[in-house]
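Read the figures in this text as sums done on the coordinates, not as results from a lab. Since the structure is predicted, the reported quantities are computational estimates derived from the model, not experimental observations. Cβ sites come from the backbone with ideal geometry, for glycine too, and all protein chains shown count toward neighbours.
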Number of protein chains: 2
Amino acid sequence: MAQLLKVQNFNVSSDGIAAGFGDLQTLESPFGLPSPERLFGWAGATASWPNRTEPGGSRGLDDFLTRDFTHNIGAEIMGRNKFGPYRGPWENEDWRGWWGDEPPFRTPVFVMTHHVRPSYRLSDTTFHFVDGDPATVLAQAQEAAEGKDVRIGGGVTTIRQFLDAGLIDTLHVAVSPIELGSGLHLWKSPDELLDRYHLDVVPSPSGVTHHLFWRK
Amino acid sequence: MAQLLKVQNFNVSSDGIAAGFGDLQTLESPFGLPSPERLFGWAGATASWPNRTEPGGSRGLDDFLTRDFTHNIGAEIMGRNKFGPYRGPWENEDWRGWWGDEPPFRTPVFVMTHHVRPSYRLSDTTFHFVDGDPATVLAQAQEAAEGKDVRIGGGVTTIRQFLDAGLIDTLHVAVSPIELGSGLHLWKSPDELLDRYHLDVVPSPSGVTHHLFWRK
């Protein structure tokens, strides 16, 4: 069975925006957006969301999508801006991601950056820092995934880079019914991908519309 | 985390019928229905269907539902009519289910019957035969599941029995756009469950409408 490269639970506005422009990202505003929970709130409301700490939560359609987050995933690839708000050479190695001592990945994670630093482990997640083109980083992640699939976690610039390289097999993008106007676009319209992907458009009772793409 | 009892990928017609009347079931017609693939064909078209032997298959909405089939499932409960077409005392123990040498369950399976027989193993699946009320059988299955969830596989009479006992936590029922007229009903209308369950109704591009229930 081939190892897939998958986008999962990625959130954009109705006008295709996933984050604010890069200089708006700060320690207090990881997405560089006002009220980013308007984009990802649907996921947090489900029973299976990996970061859920309280019991309860919905078990309908949205829960199938969050429950799938870890299914057969053996590694994640992320861009440096998903990893943290700092740019350029590391002043020190104190920053270890946004996720505290129990990151939700529980696999090797490959952070793409021109400024590599030593790998480290937090609970079940090991962070590696790699400087390479998408195909090379994917090969590293697939080897670490030991036969399982690889998640491409974002941010949006990293996903576009892998889309442009033709490396992504499936994408789940949740489109929220809010318009943001300015920021970093995943797309102007999901139709941009239809030359290369099949698409199921699935409105959820929660208000988001799940867009499920898979390679033609 | 509580162990859930779940119905997954259960198929009914638009008029709520899941199988022909019991005396129509034969070795050649496990469902006692003409063309039962009209009910479950949507699942076989997906990439993740456990019985798939060829590459390919869709990876849209329907695939999320079939992919979830084995997720965190530690045991299955089924009725005797799902297990086979024979009724009453076993003439011999030659019948070992419909599924050949590699049953798709890969967990302990508890077959409810008044005519118990010794357990046996086929590949990763062990079949146990138990004579008990739903709550007792559920307790046995939950112990065997070692903390994971339990699937209630059917047939429709068994599911109704567990519904009546108030033991089912979530149900995924795929409703196909065909009317069968006569047979064994899961329901007259899905609304019958709304006093006890939340419901997401999710039309799939494949033509079936997924009904996702979870306990209030």
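For A:W98, the distances from its label point to the matching points in the remaining copies are 4.7 nm, ordered from shortest, with each point set 7 Å beyond Cα toward Cβ.
Taking the convex hull of the alpha carbon atoms in segment B:166-216, what volume per residue do you get, in Å³?
Residue-normalised Cα hull volume stands at 80 Å³.
Expressed as a fraction of 2.2 N^0.38 Å, the C-alpha radius of gyration for chain B is 0.97.
For the rotation carrying B onto A, the chain B residue whose Cβ lies nearest the axis, with the distance in whole Å, reads B:F64, 3.
Given Cα pairs under 8 Å that are at least 6 residues apart, what percent is the relative contact order of chain A?
On the way: 427 pairs, mean separation 66.7, N = 216.
Relative contact order for chain A comes out at 31 percent.
For the protein assembly as shown, lysine pairs with C-alpha atoms less than 30 angstrom apart, excluding pairs fewer than eight positions apart on the same chain, total 22. Based on the Stokes-Einstein relation at 20 °C and a viscosity of 1.002 mPa s, and on the Kirkwood radius from alpha carbon pairs, segment A:43-86 is assigned a translational diffusion coefficient of 179 µm²/s.
Taking other Cβ atoms within 10 Å as a rough exposure proxy, B:E91, B:E37, A:E76 sort from fewest to most as B:E91, B:E37, A:E76. The shape of segment A:1-92 can be summarised by an equivalent ellipsoid whose semi-axes, obtained from the alpha carbon gyration tensor, come to 25, 19, 14 Å from longest to shortest. In the assembly of identical copies, A:R215 has its label point, taken 7 Å from Cα in the direction of the beta carbon, separated from the corresponding points by 4.2 nm (ascending, one decimal).
Order by neighbour count: B:E192, B:E179, fewest other Cβ atoms within 10 Å first, most last. Intermediate values should be presented prior to the final figure.
Numbers: B:E192 13, B:E179 10.
If I rank by nearby Cβ atoms, fewest first, I get B:E179, B:E192.
Note on segment B:103-158: Cα-only Rg and Dmax are 10.9, 28 Å.
Once you have the Kirkwood Rh of segment A:93-216 from its Cα pairs, apply Stokes-Einstein at 4 °C and 1.567 mPa s and quote D in µm²/s.
Details: Rh = 16.5 Å.
Translational diffusion coefficient: 78 µm²/s.
Our summary gives segment B:48-147 a relative contact order of 27 percent, counting only alpha carbon pairs under 8 angstrom and 6 or more residues apart.
Evaluate E = 1/(1 + (r/R0)^6) for A:T136 and A:R87, where r is the Cβ-Cβ distance and R0 equals 30 Å; express this FRET efficiency to the nearest 0.05. About 0.85, to the nearest 0.05. Over chain B, with a Gaussian network built from C-alpha contacts below 10 Å, which listed residue (B:D164, B:D94, B:D62) shows the highest mean-square fluctuation? Comparing B:D164, B:D94, B:D62 in a Gaussian network model of chain B, the most mobile one is B:D94. Here B:G22 yields copy-to-copy label distances, from shortest upward, of 6.9 nm, the label point defined as 7 Å from Cα along Cα to C-beta. By other beta-carbon atoms within 10 Å, ranking A:F40, B:F129 with the fewest at the front produces A:F40, B:F129. Result for chain A in a Gaussian network model with C-alpha springs under 10 Å: among A:G183, A:G79, A:G56, the largest mean-square fluctuation is at A:G56.
Pairs of Cα atoms in the protein assembly as shown fall into 20 Å distance bins, from 0 up to the last occupied one, in shares of 24, 52, 22, 2 percent. Close amide H pairs (under 5 Å, H built 1.01 Å from N) link A:A174 with A:F10, A:N11, A:V12, A:H211, residues at least 5 positions away or on another chain.
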